[in-house]
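For reference, the structure discussed in these notes is given below.
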Amino acid sequence: MWTYEKPDNLVEWWGESEKKFRDNVLFWVHNDQGALDALSYGEIGRRIDNVRGGLAQLDIGAGDAVGIISGNRPEWAVLAFATYGRNARYIPMYEKELIGTWKYIVKDSSIKFLLVSSPEIYEKVKDFQEEISTLEKIYIMGDQGEKSLAALEKAGADNPVEPIIPHHDDIAVLIYTSGTTGAPKGVLLSHGNITYCVRAGNRIYPELTEKQVGLSMLPWAHSYAFSGELNNWIHFGGSLGFMRDVTTLGEDLQRVKPTYLVAVPRVFNKIYDGIQAKMSEAGGMKKKLFDKACRIARQKNELAQQGKSSAIVNVQHALMDKMVFSKVREAMGGRVTGALTASAAMNKEIALFFLDIGIPIYDCYGLTETAPAVTMNCSNAWRIGSVGKVLEGQKVVIDQSIVEEDASDGEIVVYGPNVMKGYHNKPEETAEVIMPDGGFRTGDRGLFDEYGFLWITGRIKEQYKLSNGKYVFPAVLEEEIKLLPQVANVTIYGDGKPYNVCLVVPDFETAARWAEKNDVSGNPDDLLANREFTEMIENEITQLLRKNFRGYEIPKRFFFLREDFSVENGTLTQTMKLKRKEVVRQFRNELESMYG
């Protein structure tokens with residue numbers, strides 16, 4: 001098993017990188033002129049030192065809690081590493097969040113100092129100080145007077161302090177789970193949890209060096225981007241630009257020109273859908289050329305997997321790559337050579353497409369409670385559809401004692417130095433998932449193949465039985481359905497019922513193209529009332545699922561919704577996971593109507 005290596009804490013971890021990469025660019029920041037400003041490791045290091053001194057002036061010390069409500073930006077990282085240097089705990093929260101959730105987290109984690117990203121957020125939380133006894137100060141980023149981050153930095157510059165070096169078992173962060181099944185739980189992650197996890201993952205990716213540029217898309221308030229992107233990039237000396245908003249992704253890719261991405265499958269699904277839609281609309285020779293390029297690329301990769309090659313295929317591929325695929329890559333900035341993805345397995349066809357155009361996407365698996373990486377694919381060990389092999393230093397056991405007798409899979413149980421210290425203030429919930437021997441019960445079902453790759457088969461807490469006794473794993477069906485360009489979101493339901501039914505949110509942008517082609521109104525309300533349109537989607541879903549699922553799993557009835565699931569209406573978590581219980585609560589009548 002793993003023994004902790006130095007540096008085993010995030011203070012010395014940062015110090016080592018700052019010394020080694022002092023003049024390298026760490027962050028590329030958008031300015032008002034439409035260009036990027038560079039911030040070096042050395043510049044960020046000076047700000048960390050200043051903020052650490054400022055925190056000391058506010059009497060922030062060992063074990064205290066420092067909170068932030070902000071999206072990804074340099075100040076997020078500055079406050080994080082300054083906090084670690086006081087041996088305090090860092091509690092990140094999402095900007096787009098319910099006020100009640102902020103309040104719950106601030107109170108539950110006993111935050112002493114809170115930094116918010118804007119005056120608008122400050123107005124929403126300023127009364128927390130009167131209601132939460134531990135909360136002493138709320139500051140705002142930017143130049144906002146005496147209660148600003150600028151003022152905190154100045155106080156620290158005038159009163160510098162050396163960093164406190166934490167032990168690897170000291171808590172570095174509380175990352176609150178998204179609360180798909182109840183109130184958020186604060187996951188206690190130690191300095192050792194995080195430094196182990198990043199180092200173990202980085203070892204199987206020798207291509208990640210100080211020359212890599214990333215585009216930060218996923219919130220650092222979630223463990224995946226926190227470890228896999230921010231701390232990982234700092235470890236190998238790379239630089240990060242920022243996506244300003246989902247709507248500016250295409251422009252941000254062009255401006256930052258990343259070389260490697262950390263993302264979720266949905267990002268690539270949308271890119272793939274866009275490419276396919278554009279080619280279908282173009283039609284004619286352009287579509288034929290694109291299809292030919294895809295066939296040749298697939299042939300080349302299939303030969304490579306067999307250890308073979310063909311001179312003719314190689315020449316054809318080089319020509320098609322220059323004429324077709326280079327333009328696809330250019331739309332992503334022109335420099336992307338690979339990507340990590342997690343939260344759900346990539347669709348095989350889409351993963352193969354990106355491999356064919358020269359952008360391999362490696363599926364990984366983990367949870368907030370495992371800091372998060374457990375298994376990872378990489379260029380030297382990769383099976384599309386799996387989530388990779390177990391990282392060095394961990395052990396994963398498949399527990400079949402809690403599943404049906406004839407099952408070939410079981411619950412995934414993780415052992416290793418990445419397993420959390422527990423849930424903050426929740427000893428009973430901690431005891432439910434951490435076994436006496438230290439194993440963490442993930443709640444996920446999976447199995448290993450003969451080559452040691454892990455395959456995810458379902459989620460234990462979300463599985464249910466139909467009235468005929470057959471088990472259904474709704475999330476697996478939902479992920480498959482959401483690959484259809486006509487579908488924005490979907491929920492499968494059927495617990496204790498004779499058959500599955502389905503709530504469908506159409507993708508109204510794609511639907512508008514269908515409406516134009518069929519000479520009907522593209523207004524969303526008109527489309528939902530158009531039986532030809534809804535039957536088309538129902539048939540697409542049914543035909544798609546018949547390829548990989550049993551008859552009893554395929555929904556028999558459908559109900560179409562006008563409003564998408566979202567964080568704002570309480571049906572999605574910040575990481576776009578479905579809050580199933582909330583969806584069922586909000587749409588109980590619609591679901592039950594399909595059994596009439």
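The values are calculated or read from the model by the stated rules, or taken from the named source; none is laboratory data. Please read all numbers here as calculations on a predicted model, not as lab measurements. Note: ideal-geometry Cβ built from the backbone for every residue, glycine included; neighbour counts use all protein chains shown. In case anyone asks, the SASA skips ligands and DNA or RNA and just uses the protein heavy atoms, side chains included. Shrake-Rupley method; radii C 1.70, N 1.55, O 1.52, S 1.80 Å.
Taking ILE398 as the residue in question, decide whether it is assigned to a loop (DSSP other than H, G, I, E, B) and open to solvent by 20 Å² or more (accessible area, probe 1.4 Å). Against the criterion (assigned to a loop (DSSP other than H, G, I, E, B) and open to solvent by 20 Å² or more (accessible area, probe 1.4 Å)), ILE398 does not qualify. In the range 256-274 there is no residue matching the filter, namely being in contact with a Lys or Arg (Cβ under 7 Å, 6 or more places away or on another chain) and among the hydrophobic types (A, V, I, L, M, F, W, C).
Which residues, counting only those in the range 408-425, are in a loop (DSSP other than H, G, I, E, B) and surrounded by 15 or more Cβ atoms within 10 Å (Cβ to Cβ)?
Just the residues of the range 408-425 that are in a loop (DSSP other than H, G, I, E, B), to begin with: 408-409, 416-421, 424-425.
Matches in the range 408-425: ASP409, GLY416, PRO417, ASN418, VAL419, MET420, LYS421, HIS424.
Annotation: of all residues in the range 525-539 being in contact with a strand residue (DSSP E or B) (Cβ under 8 Å, 6 or more places away or on another chain) and open to solvent by 20 Å² or more (accessible area, probe 1.4 Å), the one that is farthest from TYR464 (Cα to Cα) is LEU528. All conditions in (1) without any contact (Cβ under 8 Å) to a residue 60 or more places away in the chain; (2) surrounded by fewer than 22 Cβ atoms within 10 Å (Cβ to Cβ); (3) farther than 21 Å from GLY458 by Cβ hold for ALA381, with the sole exception of (1). Residue count for the range 332-352 satisfying the condition of being open to solvent by 10 Å² or more (accessible area, probe 1.4 Å), touching a helix residue (DSSP H, G or I) at 6+ places or on another chain (Cβ under 8 Å) and assigned to a helix (DSSP H, G or I): 1. Picking from residues in the range 70-108 that are assigned to a helix (DSSP H, G or I) and of a type in the set (Ser, Thr, Tyr), the one that is most open to solvent (accessible area, probe 1.4 Å) is TYR104. Of all residues in the range 402-434, those satisfying the criterion of being more than 17 Å from ARG445 (Cα to Cα) and either among the basic types (Lys, Arg) or free of Cβ contacts under 8 Å to residues at least 24 places away in the same chain (or both) are LYS421, LYS426, PRO427, GLU428, THR430, ALA431. Filtering GLY570, GLY496 for residues that are on the phi > 0 side of the Ramachandran plot, in contact with a strand residue (DSSP E or B) (Cβ under 8 Å, 6 or more places away or on another chain), of a type outside the set (S, T, N, Q) and open to solvent by 10 Å² or more (accessible area, probe 1.4 Å) leaves a single hit, GLY496.
Taken as a whole, the condition of being of a type in the set (Gly, Ala, Ser), closer than 30 Å to TYR272 by Cα and open to solvent by less than 30 Å² (accessible area, probe 1.4 Å) does not apply to GLY393.
Would you check which residues across the range 353-366 are within 22 Å of GLY443 (Cβ to Cβ) and either surrounded by fewer than 24 Cβ atoms within 10 Å (Cβ to Cβ) or modelled with pLDDT under 95 (or both) and list them?
Step one: of the range 353-366, the residues within 22 Å of GLY443 (Cβ to Cβ) are 363-366.
Once the filter is applied, which keeps residues that are within 22 Å of GLY443 (Cβ to Cβ) and either surrounded by fewer than 24 Cβ atoms within 10 Å (Cβ to Cβ) or modelled with pLDDT under 95 (or both), the range 353-366 yields only CYS364.
Summed over the range 442-466, the residues that are under 20 Å from the mean Cα position of the chain (by Cα) and hydroxyl-bearing (Ser, Thr, Tyr) give a count of 2.
Return yes when GLU509 is surrounded by fewer than 20 Cβ atoms within 10 Å (Cβ to Cβ) and not polar (S, T, N, Q) and no when it is not. Criteria met by GLU509.
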